[in-house]
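Structure record follows, encoded as structure tokens.
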Amino acid sequence: MIKEEEYKKRRDIFSKKLKDNSIAIFSSAKPKIRSNDTEYPYRQDSNFYYLSGFKEDNSYIVFMKKDNIAQSFLFVQKKDAKDELWNGKRVGKEEAKKRFLFDKILVSKKFKKFKKKLKSVYEVDKDASANVSLMRLIKSKAEINLIKKAINITEKAHHRAMNFDKISKKEYQLQAEIEYLFKKNGSYSDAYSSIVASGDSANTLHYIENNKLFKDEDLILIDAGCEYQYYASDITRTIPVSGKFSQAQKELYDLVLDVQKKIIKMIKPNIKRSTLQKKAEVLLTKGMIEKGILRGEYKKLIKNHKHKRYYPHGIGHWMGLDVHDKAPYKDKNNKEIKLQKGMVLTIEPGLYISKDDKDVPEKFRGIGIRIEDDILVTKKSYKNLSSNIVKSIEDIEVISSQLPKNLEFIRG
Ligand code: GLY
Ligand code: MN
Ligand code: MN
């Protein structure tokens with residue numbers, strides 16, 4: 001849990017960056033229509049939530065700095081029995097005054113007038129959103145604990161996916177089991193649309209149809225992570241439908257796993273993400289040459305982007321309130337931001353070989369593999385926050401062959 005004092009501290013840090021005689025305004029997320037008059041479940045905007053911990057829509061945060069003294073205002077919807085009957089309880093102004101440590105709480109109805117008045121006197125700070133995003137790069141202890149909690153729940157779901165009976169099942173049935181375990185263990189939502197991609201579907205990077213029947217000989221790429229109290233986890237494991245990897249699958253899997261482990265080991269303060277990216281590209285390209293997937297000299301292949309046909313994406317991204325955390329990769333001088341203690345990023349190399357790729361030995365065609373973990377940068381090195389989620393071939397095969405201990409899990 002994040003305490004009110006921590007939200008206040010964030011506002012104080014933000015206020016210090018605010019120029020004198022200026023204001024900054026943050027609006028809550030807009031509700032999104034799913035179809036006609038039904039909405040998607042509401043989720044607060046991450047920057048807004050970071051500064052307030054306030055979850056309701058139609059709300060505003062205003063910072064105002066005058067004579068170098070900053071004040072923070074939270075505008076909340078007023079209590080309304082009729083609306084609350086349909087759409088749920090609101091905190092309301094009086095309760096918000098007790099709970100939230102803003103300088104002043106007002107009702108949202110007054111926001112428009114208030115803004116107009118302020119705008120005529122003060123400058124609007126254009127860097128406000130970027131400054132909050134920058135603050136979000138370094139996670140506090142409380143934030144790291146929430147990320148760990150999200151990962152612990154996701155761990156149960158991935159392990160369950162390994163020993164789930166996949167015979168005659170479709171991808172979405174396994175997805176249902178994974179997301180059932182998210183909710184069962186206290187996560188309100190997934191952090192992004194789950195990818196459950198078997199066989200050649202794994203070669204579509206953003207595959208979320210999840211509607212194919214499992215084939216015994218296929219691998220399943222599962223990229224699924226829950227959100228816990230607004231914090232994401234982002235985990236990929238690639239597992240065999242049958243519980244046993246074939247020889248060709250083993251070869252490619254171990255190549256990706258070996259690269260992933262080597263890149264994770266490089267993580268420490270002051271290293272650049274682009275250094276990790278380049279190293280991953282070198283290692284994967286050399287591996288692909290060994291396997292006969294690419295032919296030529298590795299430097300030349302990389303220079304000509306030949307490896308991108310099989311490894312087209314980045315090595316990882318910041319993670320936090322958003323799965324792809326809205327934090328910058330470059331500083332104000334356009335220089336790459338180096339890793340620092342308290343940052344959290346994913347490491348997720350992969351190899352994707354289309355079933356129709358005639359340039360690749362036949363045994364590898366139709367195999368897509370990604371392995372993704374969530375890493376915290378520490379004072380001297382790193383901590384793999386998802387190291388409990390098994391990923392060696394041996395461990396995956398062992399879990400896959402175990403019957404679920406909890407009979408509640410054995411369902412149709
Ligand atoms: N799950 C999205 C990603 O891995 O970036
Ligand atoms: Mn990711
Ligand atoms: Mn992912």
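Out of (1) of a type in the set (Val, Ile, Thr); (2) within 16 Å of ligand 2 (Cβ to nearest atom); (3) outside any loop (DSSP other than H, G, I, E, B), what's the single condition that is false for residue 389?
If we test residue 389 against (1) of a type in the set (Val, Ile, Thr); (2) within 16 Å of ligand 2 (Cβ to nearest atom); (3) outside any loop (DSSP other than H, G, I, E, B), just (3) comes out false.
Could you grab me the full set of residues in the stretch 110-152 that are within 14 Å of the chain's Cα centre (by Cα) and not charged (D, E, K, R)?
137, 144, 146, 147, 150, 151
Inspect the stretch 82-98 for any residue being touching a Gly at 6+ places or on another chain (Cβ under 8 Å) and at pLDDT 95 or above and give the result as yes or no.
No, that holds for no residue.
Which of the residues that make up the stretch 197-227 are more than 17 Å from residue 353 (Cα to Cα) and either among the charged types (D, E, K, R) or within 16 Å of ligand 3 (Cβ to nearest atom) (or both)?
Quick first cut of the stretch 197-227, residues more than 17 Å from residue 353 (Cα to Cα) only: 208-216, 223-227.
If the condition is that a residue be more than 17 Å from residue 353 (Cα to Cα) and either among the charged types (D, E, K, R) or within 16 Å of ligand 3 (Cβ to nearest atom) (or both), then 208, 209, 210, 212, 215, 216, 223, 224, 225, 226, 227 are the ones that fit.
With farther than 24 Å from residue 40 by Cα and among the small types (Gly, Ala, Ser) as the only criterion, which of 246, 193 stands out?
Working: 193 fails: farther than 24 Å from residue 40 by Cα.
Criteria check complete, one pass: 246.
Among the residues of the stretch 335-347, is there at least one that is more than 16 Å from ligand 2 (Cβ to nearest atom), small (Gly, Ala, Ser) and farther than 28 Å from residue 247 by Cα?
Checked against the condition, which is being more than 16 Å from ligand 2 (Cβ to nearest atom), small (Gly, Ala, Ser) and farther than 28 Å from residue 247 by Cα, the stretch 335-347 yields at least one hit.
Any idea which of (1) surrounded by 12 or more Cβ atoms within 10 Å (Cβ to Cβ); (2) in a loop (DSSP other than H, G, I, E, B); (3) not charged (D, E, K, R) is the one residue 369 doesn't satisfy?
Evaluating residue 369 over (1) surrounded by 12 or more Cβ atoms within 10 Å (Cβ to Cβ); (2) in a loop (DSSP other than H, G, I, E, B); (3) not charged (D, E, K, R) leaves (2) as the failure.
Return yes when residue 315 is under 23 Å from residue 134 (Cα atoms), within 16 Å of ligand 3 (Cβ to nearest atom) and part of a loop (DSSP other than H, G, I, E, B) and no when it is not.
yes
Of all residues in the stretch 297-343 being of a type in the set (Gly, Ala, Ser), modelled with pLDDT of 95 or more and over 20 Å from residue 278 (Cβ atoms), which is nearest to ligand 1 (Cβ to nearest atom)?
Per the criteria, the residue is 320.
Return only the number of the condition from (1) under 17 Å from the mean Cα position of the chain (by Cα); (2) within 23 Å of residue 228 (Cβ to Cβ) that residue 388 does not satisfy.
In the conditions (1) under 17 Å from the mean Cα position of the chain (by Cα); (2) within 23 Å of residue 228 (Cβ to Cβ), residue 388 misses (1) alone.
Name the helices (runs of 4 or more DSSP H) wholly within the stretch 91-139 that hold at least 1 residues that are farther than 30 Å from residue 378 by Cα? Give the steps one after another, and end with the answer.
On the way: elements: 92-99, 111-121, 128-135.
Correct list: 92-99, 111-121.
Restricting to the stretch 248-264, name every residue that is more than 16 Å from ligand 2 (Cβ to nearest atom) and either crowded, with 19+ Cβ neighbours inside 10 Å or in contact (Cβ under 8 Å) with a residue 12 or more places away in the chain (or both).
Across the stretch 248-264, the qualifying residues are 248, 249, 250, 251, 252, 253, 254, 255, 257, 258, 262.
Using beta carbons and a limit of 8 Å, which pairs, at least six apart or on different chains, have the first residue in the stretch 149-172 and touching a residue at least 60 places away in the same chain (Cβ under 8 Å) and β-branched (Val, Ile, Thr) and the second one part of a helix (DSSP H, G or I) and surrounded by fewer than 24 Cβ atoms within 10 Å (Cβ to Cβ)?
Every condition considered, the pairs that remain are 153/181.
Among the residues of the stretch 235-243, are any part of a helix (DSSP H, G or I) and at pLDDT 95 or above?
no
Give, as residue ranges, the strands (runs of 3 or more DSSP E) completely inside the stretch 1-76 that count at least 3 residues that are in contact (Cβ under 8 Å) with a residue 24 or more places away in the chain.
The strands (runs of 3 or more DSSP E) meeting that bar are 22-27, 60-66, 69-76.
Which one of 227, 217, 251 is farther than 19 Å from residue 398 by Cβ, away from ligand 1 (no atom under 16 Å from the Cβ), among the acidic types (Asp, Glu) and not in a helix (DSSP H, G or I)?
On the way: 227 fails: away from ligand 1 (no atom under 16 Å from the Cβ); 251 fails: not in a helix (DSSP H, G or I).
It is 217.
Hey, could you check the stretch 205-240 for residues that are within 16 Å of ligand 2 (Cβ to nearest atom) and free of Cβ contacts under 8 Å to residues at least 60 places away in the same chain and say which is farthest from residue 351 (Cα to Cα)?
Restricting to residues being within 16 Å of ligand 2 (Cβ to nearest atom) and free of Cβ contacts under 8 Å to residues at least 60 places away in the same chain, the top hit is 208.
Give the stretch 318-332 a look and list any residue that's in contact (Cβ under 8 Å) with a residue 60 or more places away in the chain and either surrounded by 16 or more Cβ atoms within 10 Å (Cβ to Cβ) or not in a loop (DSSP other than H, G, I, E, B) (or both), or say none. Spell out how you get there, then give the answer.
Initially, the stretch 318-332 is screened for residues in contact (Cβ under 8 Å) with a residue 60 or more places away in the chain, giving 318-323, 325-328.
318, 319, 320, 321, 322, 323, 325, 326, 327 - these are the residues of the stretch 318-332 that are in contact (Cβ under 8 Å) with a residue 60 or more places away in the chain and either surrounded by 16 or more Cβ atoms within 10 Å (Cβ to Cβ) or not in a loop (DSSP other than H, G, I, E, B) (or both).
The values are calculated or read from the model by the stated rules, or taken from the named source; none is laboratory data. All values reported here derive from a predicted model rather than from experimental measurement. Note: ideal-geometry Cβ built from the backbone for every residue, glycine included; neighbour counts use all protein chains shown.
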